[in-house]
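Accompanying notes for the structure given below.
The values are calculated or read from the model by the stated rules, or taken from the named source; none is laboratory data. In this text, all values refer to a predicted model and were calculated from it rather than measured experimentally. So basically every Cβ, Gly included, is an ideal-geometry build from the backbone, and we count neighbours across all protein chains shown.
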Amino acid sequence: MATAPTEIKVTPEIAAEHGLTAQEYARVKQILGREPNITELGIFSVMWSEHCSYKSSKVHLKRLPTRGKLVVQGPGENAGVVDIGDGLVAAFKIESHNHPSYVEPFQGATTGVGGILRDIFTMGARPVAVLDSLRFGPITAGKGVSEEEAAKNRRILDGVIRGVAHYGNCFGVPTVGGEVAFEPCYSQNPLVNALALGIARKEDIFFAKARGTGNPVIYVGAKTGRDGIHGASLLASAEFTEESQQKRPNVQVGDPFMEKLLLEACLEAMQTGSVVAIQDMGAAGLTCSTTEMASRGGTGIEIDLAKVPQRESGMTPYEIMLSESQERMLLVAEDGREREVLDVFKKWGLDAVVVGEVTDGGLLRVRDRGKLAAEIPAHPLAEGPVYQRPIGQPPRRNETAVDWFRFSAEDTNLTENFAKLLGSPAIASKRWITEQYDTSVRTNTLAGPGASDAAVIRIKDPQTGAVKRALALATDGNGRWCELNPRVGAMHAVAEAARNVAASGARPMAATNCLNFGSPEKPAVMWQFSEAIDGLTVACNELGTPITGGNVSFYNETLGKSIYPTPVIGVLGILEDASRVLKIGFREEGNVIVLLDGSTSVAGAQHAAPLQGTQQEFSSSEYSKTIAGIVAGEPPAIDLGAEKRLQECLVSLASSQSVRSAHDVSDGGIAVTLAESCFAAVSQGATAQLGAKVNLPHDSSPAEYALFGERGARAIVSVAPSSLAAVLETARQCGVPVQQIGQVIRGGAFRIEYKGRAVIDSSVAKLHDTWAHSLERTLKAS
Amino acid sequence: MKFGVVVFPGSNCDHDAFYAISNILKKPVEFIWHQSQDLANCDAIILPGGFAYGDYLRTGAIARFSPVMKSVSKFANSGGMVLGVCNGFQILLEAGLLPGAMMRNSGLRFICRHVHIRVEQTDTPFTNAASNGQILKIPIAHSDGNYTCDEATLAELERNRQVIFRYTTPDGTDDAAGNPNGSIANIAGICNRERNVAGLMPHPERAVESALDSADGLVIFRSMVEALVGAAKATA
């Protein structure tokens, strides 16, 4: 193919600058049977970037369980789809936008939310909820954290929160949940993972497979500009250096108003019956959407760039093909019916232009005013390289008892430490953040942030508005635990997300994952990745939650230092009766507080672990980190059978309406669980301030372990005395050991006894003040 | 009796208002497209919440120029019942159908939570089914809900009893403490002097079922239905 005289001649050096290795460049030449021109090189470089090609993760992702009888669509499409009954399906997926959110927090977060929303409505589903899983560096100065660093982290957090809020609020989708955690490793590399959920009728689901030779290819939405060239693809495919801040122009800019119009127009166009396939233009924009649609459909696509709506003049084919301008879609219409599609977009005031057609022969052919600008076989371009990266287990940490948490003396009053734990950013109320999100638009939110262990959204029939079922969603992922043991940590992520869903009364049915890791070029990181995949595989199989999609985010490193390996798991569950949602707040004085403790060995609590094992486990807890500054040891051992039994028990208790509240035991242990159930009481319908009087079952373990230990498979429920026998019977049938540990009391006392001694003795009001306002006080100070 | 819900590009509470009227109130309702000047013989018009035209320039500033607003103004000026919720309230202010203006919330952030408002006047078509002083728990969700006006306008609003909802605490005792956004005189909603046009920042359409934590917003829609029934009888 002739090269234009003004065009840059591609050399191996230029290929290297584009991030292609010598072998990859050789493969490009082999596929083409010649040297690529600069546009083709650009196309290969973004399609084969880590972000778009999954070249380092593919071999491992294959091991994940992706099938189930409710799974309609697994990984490989824009989002996973599951059957939720009565002819309806749910589309859901989680995705990362980490690097852009560090470079430009507000726009990075908005475009993260925008991207995942497009993935959902591309499938034909109307988005009904967004959740965000966020990780930041420490926001208060302290050991090893300067005030300057803390202030910077507060600014990043503020920008990200505003960005998430702005996009969802304007678009009109409720942001109903997620989590926020803080660790020093995220200081230079925050994590912004956004999950979106949509609902559609099963027959209305759309796929991104270009079919039918001669069918028109239509470009719709915002105009193409020079923004975001190499944005998501390259920002997310290399580690950060000091110069990364200069990549701000590579971050895309989001426009939720445009996206809202695009949503309505796309759904309306799909209803005309003239749309064959549709895909959003996300990372690698026009390149990725044309290539993937052709590759999936086993066809080719030919487009002419002169027809592409452009925001500025003089753009080269390279720039147009690589632009990551937001709020754009590519669709294939039935030949002869393109007018129907164009009319819908005209009604919504959006650009829609036929830019090309589906061809046979499998080529991606790009013309510029008729002149050939690129010609590449679509399938090998979409497939990309596959790497079996070297895996190397890092040397075992050489820890002994001196590295571990040392328990306080038996007679220590732990109230003060408890208050400190409640006020720590990880545990404290996130209300200051979540109130900036519109949580109630679309009038489906049955449990918004913090009301239940999972966010719960009722399902309105898209045609009649009738309500029968509800969906529950929770995200989880403890990076600290995955750092200490990636396999067990990943299992906990699945178990906790599923447990949260079950504690809202819903049956866990499927999962989506966002795998945030360091550089895949480091054997130790690949070992973490492989271990995490194994952990996810075991846990998802055991808990019946196949993975239906998600994304991998590598190169989360700054100046050579990786983040904690952080797989974030979103679990979706279904409640057969939308009126039976379980919330966390205690409801009535005199209710019995019951601990469902699947983690107790069959022989009972008397056989505690030896002290060293207890110490080792406790050193990975939130309490150990907050109070002693120690992060060491091992995550708690996990018993997936016990998790499964506990979840079945919770779902059964919800459906029989025999418990008044349910809250799982997680970060901060039983003490935090109990306190949060007291805090939520009044806002969840209790007529008076309620407190708790609890006597924890004791063994030889220290009080701190009993109060703040984070073993899984546990939940606390409150039960009216008249239902107690039924609850105990249900638990017995499910094989979950139970203990009555106390009572909900009127007035504000909060008292926990252990081994006959009050270890926490305070008032709900006092504890609540610390918990409710500490985040706000910290963030307002900046 | 028929309700009309206007759909601007960027409206996002249009479906919620529609749902409240069709599925909860069980009254006829239809959408009215912003480019239409035909109000389809509706007896009451709702301007829903959202970000009409992206709220570029200023909230409601572009929406007021849309074709449908010409008809809405004519309808309002001839005594037709018009309710603006949140962004709809902002549009009514920009269109000059209600007095005053909106500023950014005093905290400079978007706020979404349940607030409490007190019904200050019951002789309007939007509040006639409520009792005087009744406290309603209704969610807000906005960045620009800090209502303001000059002193003369405020005096006139008070003199003509046009302030129909004020923010307050759950027990109705401390209005200042219940004010979420800095609005002057704790104003959450007002009507025009003729009492046929009203706007409020809280979202009554989000508070129509106990499953959504509150059904207090229903009283506003029920008032509208009663007023329409009364008007129909009067002309019969």
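Per-structure values
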quantity: Any hit, segment A:621-639, residues being in a helix (DSSP H, G or I) and under 30 Å from A:Arg63 (Cα atoms); calculated: no
quantity: Selection count where residues are touching a helix residue (DSSP H, G or I) at 6+ places or on another chain (Cβ under 8 Å), more than 14 Å from chain A (Cβ to nearest Cβ) and surrounded by 15 or more Cβ atoms within 10 Å (Cβ to Cβ), scope segment B:38-53; calculated: 6
quantity: Qualifying residue in segment A:415-426 (condition: of a type in the set (Asp, Glu) and away from every other protein chain (no Cβ under 14 Å)); calculated: yes
quantity: Residue within segment A:591-604 that is modelled with pLDDT of 95 or more and part of a loop (DSSP other than H, G, I, E, B) present; calculated: yes
quantity: Checklist (1) among the hydrophobic types (A, V, I, L, M, F, W, C); (2) farther than 21 Å from A:Phe121 by Cβ; (3) modelled with pLDDT under 95 applied to A:Leu305, failing item; calculated: (3)
quantity: Residue list for segment A:157-185, restricted to those being part of a helix (DSSP H, G or I), in contact with a strand residue (DSSP E or B) (Cβ under 9 Å, 6 or more places away or on another chain) and not hydroxyl-bearing (Ser, Thr, Tyr); calculated: A:Leu157, A:Val160, A:Ile161, A:Gly163, A:Val164, A:Ala165, A:Gly168, A:Asn169, A:Cys170, A:Phe171, A:Pro184, A:Cys185
quantity: Whichever residue in segment A:439-456 is assigned to a loop (DSSP other than H, G, I, E, B) and out of contact with any His (no Cβ under 9 Å at 6 or more places or on another chain) and, among such residues, is nearest to the other protein chains (Cβ to nearest Cβ); calculated: A:Thr439
quantity: Residue among A:Ala466, A:Ala497, A:Ala539 that alone is under 30 Å from B:His15 (Cα atoms) and not acidic (Asp, Glu); calculated: A:Ala466
quantity: Among the candidates A:Cys170, A:Cys185, residue that is touching a residue at least 40 places away in the same chain (Cβ under 8 Å) and surrounded by 24 or more Cβ atoms within 10 Å (Cβ to Cβ); calculated: A:Cys170
quantity: Elements of type strands (runs of 3 or more DSSP E) contained in segment A:256-375, each with 1 or more residues being more than 14 Å from chain B (Cβ to nearest Cβ) and more than 31 Å from the chain's Cα centre (by Cα); calculated: A:300-304, A:328-333, A:351-359, A:363-368
quantity: Members of segment B:86-119 that are away from chain A (no Cβ under 14 Å) and among the charged types (D, E, K, R); calculated: B:Glu94, B:Arg118
quantity: Single unsatisfied condition, A:Thr6 versus (1) at pLDDT 90 or above; (2) within 18 Å of A:Tyr318 (Cα to Cα); (3) not small (Gly, Ala, Ser); (4) not in a helix (DSSP H, G or I); calculated: (1)
quantity: Residue that is surrounded by the fewest Cβ atoms within 10 Å (Cβ to Cβ), among those in segment B:98-142 that are among the basic types (Lys, Arg) and either more than 17 Å from B:Asp171 (Cβ to Cβ) or out of contact with any Gly (no Cβ under 8 Å at 6 or more places or on another chain) (or both); calculated: B:Arg113
quantity: Selected residue [over 26 Å from A:Asn556 (Cα atoms) and not polar (S, T, N, Q)] from A:Arg201, A:Arg155; calculated: A:Arg201
quantity: Answer residue from segment A:428-438, given it is more than 8 Å from chain B (Cβ to nearest Cβ) and more than 19 Å from the chain's Cα centre (by Cα) and is nearest to A:Phe182 (Cα to Cα) among those; calculated: A:Ala428
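Conditions tested, residue by residue: (1) in a loop (DSSP other than H, G, I, E, B); (2) surrounded by 24 or more Cβ atoms within 10 Å (Cβ to Cβ).
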residue: A:Val59; (1), (2): no, no
residue: A:Leu64; (1), (2): yes, no
residue: A:Gly68; (1), (2): yes, no
residue: A:Val81; (1), (2): no, yes
residue: A:Ile84; (1), (2): no, no
residue: A:Ala91; (1), (2): no, yes
